[in-house]
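Undergrad: I have a structure here, written as structure tokens, and I will follow up with some questions on it.
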Amino acid sequence: MTNIDIMNLDGRLLAVFCAAAEELHFGRAAARLFMSQPPFSQQVKRLEDLVGAKLFIRTTRTVRLTPAGQVMYQHARQISGETELMLRAVRQAARGEAGSLVIGLTPTAACSPLAEALYHYRTAHPEIELDLREMNSNAMEASIRMHAIDVALMRPTRMDADIRAIEIFQEPMVLAVRRDHAWAGRPRVPVEDIADIPLVGYLQSTSPYFRDMLQSMFGHTGKRPRVVQESALPTLLTLVEAGIGAAIVPWTISRARGGSLQFLPLRDRSNSVARIVVACLRAPTNPAVEGFAAAMRQAHTRLADQAQGEGEVSASGRRPRKARAEK
């Protein structure tokens, strides 16, 4: 069979053949396809001419498949089933209900309640394959624009107008100290007091968001912190464990690191909170992006309440009064 023959063997001819093979009665098969019998019989003849074999044996009383027709029916049924699956998958992908979604994930987001939100999304959308890629927030804008990732769960950065960012999570900052530190067990630590002890800060190259946040926090105190070394999460906590200094970190990191460390609530005049946004192109090429962003937005209030509650409980051991989530 030539390529032209294959092109002529369209879905309509296969539907005619399958109906005849299943009904073994041309009149009933034609009615099933809302056709009259003469055009139906012409289509069967056209198909037999195309494949170069007789497919049916017809008498005045019966219709039955020839051996060639039996082989044809086995393959035609398989092709019809695969075509139906193909059309369903294509339509689902076009609606953002199937396919794949590549998500950039900032390291601290991996420790946050966002992991639970991702689980709920995956459960609700089993036809969408999630590919999670951990990377620093300052590298995600370029990755989105280059289509290396479809969407990012990241710390806010300054981005061009073609990328939109929507806040989906916020959390308090806490002070990480060794459990044998003199301040261990304090119910709350004023930020101005932290300026008097050795502090591990953040590298501008990898953690500009947290570096700027610390500058803002200490700017409200009028004091300059004693930064003895700079690093990035989660390595920064290793320096705290080694006794290099304390560190101001987002609450979520405390969910992954305990043991020798304690995480203390802050008294902060700037009321600084760490935020996570969902970021994507304003005109995404992957239809699944819109549904994912909407699901993360819906999780916003629940995640904010969880961070406020668990953050203070884990650090102080006391259940706080329920706070109103920021809109």
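The values are calculated or read from the model by the stated rules, or taken from the named source; none is laboratory data. Bear in mind that the values here come from a model prediction, so they are computed numbers and not experimental data. A quick note on method: Cβ atoms are made from the backbone with ideal geometry, for glycine too, and the neighbour counts reach across all protein chains shown.
Undergrad: Out of the range 56-95, which residues are in contact (Cβ under 8 Å) with a residue 40 or more places away in the chain and of a type outside the set (Lys, Arg)? Don't jump to the end; show me each part of the working.
TA: Initially, the range 56-95 is screened for residues in contact (Cβ under 8 Å) with a residue 40 or more places away in the chain, giving 63-65, 69, 72-73, 76-77, 79-80, 83, 93-95.
Once the filter is applied, which keeps residues that are in contact (Cβ under 8 Å) with a residue 40 or more places away in the chain and of a type outside the set (Lys, Arg), the range 56-95 yields Val63, Leu65, Gly69, Met72, Tyr73, Ala76, Ile79, Ser80, Thr83, Ala93, Ala94.
Undergrad: Just wondering, is there one or more residues in the range 209-227 that are surrounded by 18 or more Cβ atoms within 10 Å (Cβ to Cβ), at pLDDT below 90 and outside any helix (DSSP H, G or I)?
TA: no
Undergrad: Kindly evaluate Arg267 against the criterion of being surrounded by fewer than 18 Cβ atoms within 10 Å (Cβ to Cβ) and of a type in the set (D, E, K, R).
TA: Working: surrounded by fewer than 18 Cβ atoms within 10 Å (Cβ to Cβ): yes; of a type in the set (D, E, K, R): yes.
Yes, satisfied.
This table checks each residue for (1) at pLDDT below 90; (2) among the acidic types (Asp, Glu).
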residue: His125; (1), (2): yes, no
residue: Val177; (1), (2): no, no
residue: Ala184; (1), (2): no, no
residue: Glu192; (1), (2): no, yes
residue: Val200; (1), (2): no, no
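Undergrad: Those residues that are without any contact (Cβ under 8 Å) to a residue 24 or more places away in the chain, buried (at least 17 other Cβ atoms within 10 Å of the Cβ) and touching a Phe, Trp or Tyr at 6+ places or on another chain (Cβ under 7 Å), I need them from the range 34-55; list them, please.
TA: The answer is Ser41, and nothing else.
Undergrad: Just to be sure, is Ala182 exposed (fewer than 15 other Cβ atoms within 10 Å of the Cβ) and not in a strand (DSSP E or B)? Steps first, answer last, please.
TA: Numbers: exposed (fewer than 15 other Cβ atoms within 10 Å of the Cβ): yes; not in a strand (DSSP E or B): yes.
Yes, satisfied.
Undergrad: Tell me, please, whether a residue that is of a type outside the set (S, T, N, Q) and over 30 Å from Arg257 (Cα atoms) can be found in the range 102-112. Full working, then the answer.
TA: Residues of the range 102-112 of a type outside the set (S, T, N, Q): 102-105, 107, 109-111.
Then drop every residue that is not over 30 Å from Arg257 (Cα atoms), which leaves none.
Within the range 102-112, none of the residues are of a type outside the set (S, T, N, Q) and over 30 Å from Arg257 (Cα atoms).
Undergrad: Filter the range 3-60 for residues that are more than 18 Å from Arg77 (Cβ to Cβ), of a type in the set (S, T, N, Q) and modelled with pLDDT of 90 or more and give the result.
TA: Ser36, Gln37, Ser41, Gln42
Undergrad: Which residues, counting only those in the range 148-162, are closer than 23 Å to Phe210 by Cβ and either more than 17 Å from the chain's Cα centre (by Cα) or not in a strand (DSSP E or B) (or both)? Break it down stepwise before answering.
TA: Pass one, the range 148-162, residues closer than 23 Å to Phe210 by Cβ: 149, 151-160.
Hits for the range 148-162 are Ile149, Arg155, Pro156, Thr157, Arg158, Met159, Asp160.
Undergrad: If you check Thr108 against the conditions, is it assigned by TED's automatic domain parsing to the domain that holds Phe292 and surrounded by 14 or more Cβ atoms within 10 Å (Cβ to Cβ)? Let's see the steps before the verdict.
TA: Values: assigned by TED's automatic domain parsing to the domain that holds Phe292: yes; surrounded by 14 or more Cβ atoms within 10 Å (Cβ to Cβ): yes.
Yes: the conditions hold for Thr108.
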